[in-house]
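Take a look at the structure below.
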């Protein structure tokens, strides 16, 4: 074997040794990464923005594999557990859908109907209402032709089905366009009560949730159903006059 051939064999051996070294280093790095990241699980994310109260389906969900250690128990959901469920607030593209984002499955009685209304953090009792609570619903009528300005109890002892996350919505009134924070509340109501609350939500100046005592058997028979300025006494003066 001449010197040129010996050099060629030496270069081949060095190349093979270098290749083995690189392979060992890559394998070691991959093993370290896998040991740090751990096993992967499938979570489901929003393909595009999902508006509040939209049913989840394969059309608006996409599976994504992520390391299990980076997920919570609430986010590890099976597709079958998500299909047909609803989220209580707007979900942005790429957001992982977790169990605590889902509205409770309806458990309505045959004579109940579900409706959702928006309240603000104040009229919603400052965030103290949770699913399963019972409330009264008051409405303030101030600008309805033919009606005295008054506060009415629309319905008593209403079951709260679910509370959505706080949202910012655009509002428009005589002062112009603005934004306000609202909280969607889903209620279980008798059909006639649902009509009354829907009307008030559309036309009343304010709809307010009123918290109740924990004693469901408390006697409330003496409570008033409405209140207006006449009960304050004095003489009624038409608006616009002195």
Packing-based exposure ordering (other Cβ within 10 Å, fewest first) of 9, 43, 140: 9, 140, 43
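Stick to Cα atoms and the Kirkwood definition of Rh, then tell me Rg/Rh for the chain. It would help to have the intermediate numbers written out before the result.
Values: Rg = 31.2 Å, Rh = 23.4 Å.
My calculation of the ratio gives 1.34.
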Length gained when the stretch residue 69-residue 99 is fully extended (0.36 nm per residue, less Cα-Cα span): 9.1 nm
Estimated inter-spin distance, residue 168 and residue 20, nm [label 7 Å along Cα→Cβ]: 6.3
0 to 90° range, to nearest 10: angle between helix 3-37 axis and the chain longest Cα axis: 20
Choice from 222, 126, 84 with maximal GNM fluctuation in the chain (Cα, 10 Å cutoff): 222
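Taking the beta-carbon count within 10 Å as an exposure proxy, list 12, 101 from fewest neighbours to most.
Fewest to most other Cβ atoms nearby, the residues stand as 12, 101.
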Most mobile listed residue (103, 189, 79) in the chain, GNM with C-alpha springs under 10 Å: 79
Angle between the chain longest axis and helix 191-203 axis [Cα atoms, degrees, rounded to 10]: 90
FRET efficiency estimate (nearest 0.05) - Cβ-Cβ, residue 40 to residue 190, R0 41 angstrom: 0.25
Extension gain from residue 199 to residue 116, taking 0.36 nm per residue of separation minus the Cα-Cα distance: 28.6 nm
Proxy reagent accessibility, fewest Cβ within 10 Å first, across 44, 29: 29, 44
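Quick note: the coordinates plus some simple rules give every number you see, no bench work behind them. No experiment lies behind these values; they were computed from the predicted model shown. Cβ atoms come from the backbone with ideal geometry, glycine included; neighbour counts cover every protein chain shown.
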